[in-house]
Amino acid sequence: MIRNRSNLEIRALRAEDVSEIKRIEIESSLAPWSPDDYLEEAGRKDSLSFTAKIEGIVAGFIVARLITTQNYGPALSDEFNLSNELKSSVKNDINTGGDNNSPIYDFCEIEIYNLCVAKDHRKRKIARNLLENVIEAARCDEKHVWLEVRKSNSAAISFYLSMNFVQRGIRKNFYRDPIEDALIMELRTNRELP
């Protein structure tokens, strides 16, 4: 959990947050997820999904996943003769909440599926805090963060550019209702965030 001076609390997405997340999703015209989709996400070991609360009310949320990792050091190398299933389990357990804050991977990729702040809480650095929390939660030396954003969503694109994301491509007709292209954006965090 992270607190900052605006009384913002960031914590892992929980089942009790889903109805407020759906409210924000609807008011912001995001591509809809079912409540079960959010509940499933909350239970995934590779989930890096958080809510931002102000005075107990969900003000924003981020849904992200740790996609790929590359081992750091010999701790999980083949010389220890661990099964692939056990290696995967150990990696996920360590990466999503171990006590040691040191990096355990040389490299990882994170995909952002949704990042949204309620209209009455925008322009308060909540999106920035959520994104920084995801990046911090993935304990890697080098992180590549990927996302798609509607080509017409100039506010989101400006925000991502301010966070040092760069455009890497376009997905034609990616979004529905209405049909629209998506910009593919990437952030490499082997440098300081702005």
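Each value in this text was obtained by applying a stated rule to the coordinates, not by laboratory testing. Since we're looking at a predicted model, the values are computed, not measured.
Using 19 Å as the Cα-Cα cut-off, could you pick out the over-long pairs in LYS53/LYS119; LYS123/LYS151; LYS125/LYS151? Among LYS53/LYS119; LYS123/LYS151; LYS125/LYS151, the Cα-Cα distance tops 19 Å for LYS123/LYS151; LYS125/LYS151. Expressed per residue, the C-alpha convex hull volume of region 145-194 stands at 57 Å³.
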